[in-house]
Amino acid sequence: MEKNKKQPKYQDIGGQAVMEGVMMQSPANESIAIAVRKPNGKIVVTCEHRVPAAKKHPWMGWPIIRGCVNMVAMLKMGMQTLDKSTQMVGLLEEEPTKFEKWLAKKLGASVDKVVMAVAMVLAVVLSLGLFVALPTVAATLAGKLTDSRILINLISGVVRIAILVLYIWGVAFMPDIRRVFMYHGAEHKTVYCNEAGLELTPENAKKFSRLHPRCGTAFLFLVMFISILIGSVADQLIYMIFGIEKMGFLLRFGRSLLLLPMITGVSYEVLKGLAHAGDSLIVRILRWPGLQLQHLTTREPDEKMLEVAIAAMKAAKAGADRYAQELDAGVSVYVEGEEEQKDENKEEPQA
């Protein structure tokens, strides 16, 4: 059996789970592919060319800065991908609220764009509330009990990690989210299979682990861990420069917001470094917490889910111009809101 050509290590193909499917992104040919399985069992695939920001503006590819740029880009792309996958699956969309319709009319934008914008704003507000405001409250209270800046930031970090774990554990009870977590596992297994240079088949992919060091879950853990270290250093500098020994809630909250770009950038560089740092004991120890957290965000997929992830991988590797020819016969192609199915006019054989 002929093997696919192994991807160079620096060409990291990865993605995310979406509603009933997987998105894969290939930096090598600047393509982003989405594959989903519709209720009728058919796989629908779309692939588009997307030029990275660093290619348009080289400074956006500088160390530290590129982590912040990628974070913003992934948040935006993640929302767009989820919205597109929902359309591809054919799920009914919720009726827009009166406020959303009014806002769309006032802004002169489509309701879909307004709904997405509102969802992004709410997601950011929720994230800031859960992972910045609440840990800041804990740190402010801890500051009344101890003068140790390291201990204060450690308490804040532990609270932040606890909130993350409880949040993921709670949403996993929702059936739709659990299926997304299964597709997340399918994505990781397919990425491993591709990196191993094996033929992309469900049989080959299912042999691999569903835990991957380049996963966004590992990135989230790194962000929260590194925030403890950078926060402690920042607090010490604030004390040395401004003489502020203990910060109140507002000052600490503002400091946390200002440090977010630095924390995000450093975490991105650490994640990339660990992903390609070999397999020494120290590297395994540093990877271990992020990998363990993936036990919550991934589930073992079935073969049909692996088929979808493989379809997305093949499309991403082939590129936007010729991906249809790279996919197996019978795979649907989703183009600009319309499904084009090979031999779709043929009558189905009677059972």
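Stokes-Einstein at 4 °C, 1.567 mPa s, Kirkwood radius from Cα pairs: D for the stretch 164-293 in µm² s⁻¹?
In µm²/s, the coefficient rounds to 75.
With a 10 Å radius around each residue's Cβ, average the other Cβ atoms per peptide and rank 222-228, 36-42, highest first.
So the peptides 222-228, 36-42, ranked by packing, come out 222-228, 36-42.
List the pairs from Lys206/Lys317; Lys56/Lys304; Lys76/Lys246 whose alpha-carbon separation is above 29 Å, in the order I gave them.
Correct reply: Lys56/Lys304; Lys76/Lys246.
Could you order the peptides 186-195, 276-285, 248-257 from most to least packed, using the average number of other C-beta atoms within 10 Å per residue?
So the order, starting with the most tightly packed, is 186-195, 248-257, 276-285.
What are the ³J(HN,Hα) couplings of the stretch 173-189, residue after residue, when phi is run through the Karplus curve with 6.51, -1.76, 1.60 and θ = phi - 60°? Round to Hz, x for glycine and proline.
Per-residue couplings from phi come out as 6, 6, x, 5, 5, 4, 5, 4, 5, 5, 5, 4, x, 5, 4, 5, 5 Hz.
Based on the Cβ-Cβ distance of Met240 and Val125, what FRET efficiency does E = 1/(1 + (r/R0)^6) give at R0 = 41 Å, to the nearest 0.05?
0.75
Please list 3J(HN,Hα) in residue order for the stretch 144-159, calculated via the Karplus relation 6.51 cos²θ - 1.76 cosθ + 1.60 where θ = phi - 60°; whole Hz, with x for glycine and proline.
7, 9, 8, 9, 6, 5, 5, 5, 4, 6, 5, 4, 4, x, 5, 4
Please report how far the C-alpha centroid of the stretch 128-164 lies from that of the stretch 13-59, rounded to the nearest whole angstrom.
What the calculation gives is 37 Å, centre to centre.
Using each residue's phi in the stretch 230-245, evaluate 6.51 cos²θ - 1.76 cosθ + 1.60 at θ = phi - 60° and report the 3J(HN,Hα) Karplus result to the nearest Hz, with x for Gly and Pro.
With the stated coefficients, the stretch 230-245 comes to 5, x, 5, 5, 4, 4, 5, 5, 4, 5, 5, 8, 10, x, 8, 7 Hz.
Taking a temperature of 4 °C and a viscosity of 1.567 mPa s, what whole-number D in µm²/s does Stokes-Einstein yield for the stretch 221-274 with Rh from Kirkwood over alpha carbon pairs?
Calculated translational D: 110 µm²/s.
At 10 °C and a viscosity of 1.306 mPa s, what translational diffusion coefficient does Stokes-Einstein give for the stretch 14-340, taking Rh as the Kirkwood radius over Cα pairs? Give it in µm²/s as a whole number.
My calculation gives 74 µm²/s for D.
How big is the stretch 188-252 by Rg and Dmax over its Cα atoms, in Å?
21.4, 62
For a distance above 17 Å, tell me the whole-number percent of Cα pairs in the stretch 45-86 that qualify.
39 percent
Once you order the gyration tensor axes a ≥ b ≥ c over the Cα atoms, which shape class does the stretch 21-70 get: rounded for a/c under 1.5, otherwise prolate or oblate by comparing a/b with b/c?
prolate
No lab work stands behind these numbers, since they all come straight from the coordinates. Keep in mind that what you see is a predicted model, and the values were worked out from it rather than measured. Because the Cβ atoms are built from the backbone with ideal geometry, glycine has one as well, and the counts that use them run over all protein chains shown.
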